[in-house]
Amino acid sequence: MNRLFIIGIGRSGSTILSKTLGSHPDCLDNPEIPLFSFFYKALRNQRSNSETNRLAVRFIHAMKRRHPGHPWQIQTEEVTKISSGLDYFNYMNELAALFTTESSSEKNTRRPQWIIDKNPVNTLHVHHFLKEYPQTKAIFLVRDPRANVASRMQSQNLIHGRTNHWMLNALRWRSYNRYYYKLKNQFPDQIHLLRYEDFVLNPQQHMDELCDFLRIHRVRLESANPISTAHIDQNAARLVKKYSDLNAPINPHAISRWKEVLDQQTIEAIEDVCKTEMDFFGYSRETSVQVSIPMKFRFLARWYELKEKLIFSLPLSLKLKRLE
């Protein structure tokens, strides 16, 4: 099994993309749990053993407490059955295959070719993974910054403790998408660029292109299975809505919904902050107004990014204590 990273700033369609790819019999769509990146620095040069299993179980329990209500099905006693002596890459793939849903249990038995690792923060770290494991690949998702910012402003998900101010999110969009240049130059054969809008308007065409990129047979999207919601905590309104939306047909109206959310002044500022990357990724600007960026938001955007990089490199014991 190989690993496919879906990267790019959050709220760019990564969940619907991973769900769509996960409908392919050769792909396993894993929950958005940063297993691979969490343990990478500490364990990548080690062989798995009973202590590795204990740490993995500890992490899984902490994530379940941190994100109650999610339909993550994994029996931690199954972790102890993973063969010892595996290298880091194969151990993580075996661990990922234990995350099952009712619709994917049969797929796990068939041993899919690709395990999908969808986590926006991997954008900051994926160059390590692609370099060390050349068999891995990544899909870099990009979405119109105006739509991305509008989606964040509407989101009620504040579990990360970040402000939803549009200026901060515009800066973070710019920063994350600048990583594409470096990744494409370093790993031209391992990176596939996909615009959210193109996927929404022509899902079958881009699904075919992704299948070619992954070297798996093409499938019709009509065969996609709905995500089981049987194990979702029905009291978690945000999760109920999220998974209900994912089971609905892809909605092209989402492309232009930002026009109903953002006022003209905000649109002008987002376009100025993100103008270079908008031009590069083919997003047309409506204005050419110049705006000043308050130092507060420059600092916060940089701090959030640096914090993620620092956490990535922290000793494992500290990361686990922080998570718990």
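Quick notes on this one:
- Only listed residue being over 26 Å from residue 130 (Cα atoms) and not basic (Lys, Arg), chosen from 33, 74, 60, 82: 74
- For segment 262-287, filtered to residues that are part of a helix (DSSP H, G or I), surrounded by 14 or more Cβ atoms within 10 Å (Cβ to Cβ) and among the charged types (D, E, K, R), the residue that is farthest from the chain's Cα centre (by Cα) is 268.
- Test for residue 15: is it modelled with pLDDT under 95, in contact with a Phe, Trp or Tyr (Cβ under 9 Å, 6 or more places away or on another chain) and surrounded by 19 or more Cβ atoms within 10 Å (Cβ to Cβ): no
- Filter result for residue 4 (modelled with pLDDT under 95 and either surrounded by 21 or more Cβ atoms within 10 Å (Cβ to Cβ) or among the polar types (S, T, N, Q) (or both)): no
- Verdict on residue 299 being among the aromatic types (Phe, Trp, Tyr) and without any contact (Cβ under 8 Å) to a residue 24 or more places away in the chain: yes
- Scoring residue 36 on the criteria (1) surrounded by fewer than 19 Cβ atoms within 10 Å (Cβ to Cβ); (2) in a helix (DSSP H, G or I) leaves a single failure, condition (1).
- Check on residue 281, in contact with a strand residue (DSSP E or B) (Cβ under 8 Å, 6 or more places away or on another chain) and among the aromatic types (Phe, Trp, Tyr): yes
- Some residue of segment 8-21 being small (Gly, Ala, Ser), in a helix (DSSP H, G or I), on the phi < 0 side of the Ramachandran plot and in contact with a Lys or Arg (Cβ under 6 Å, 6 or more places away or on another chain): yes
- Residues that are more than 23 Å from residue 128 (Cβ to Cβ) and in a helix (DSSP H, G or I), drawn from segment 178-206: 196, 197, 198, 199, 200, 201, 203, 204, 205, 206
- Going through (1) within 20 Å of residue 123 (Cα to Cα); (2) under 20 Å from the mean Cα position of the chain (by Cα) one by one, residue 255 falls short only on (1).
- For segment 49-79, the set of residues classified as assigned to a loop (DSSP other than H, G, I, E, B) and loosely packed, with under 12 Cβ neighbours inside 10 Å consists of 68, 75, listed by residue number.
The values are calculated or read from the model by the stated rules, or taken from the named source; none is laboratory data. These figures come from a predicted structure and were not determined experimentally. Glycine also receives a Cβ, built like all others from the backbone with ideal geometry; neighbour counts cover every protein chain displayed.
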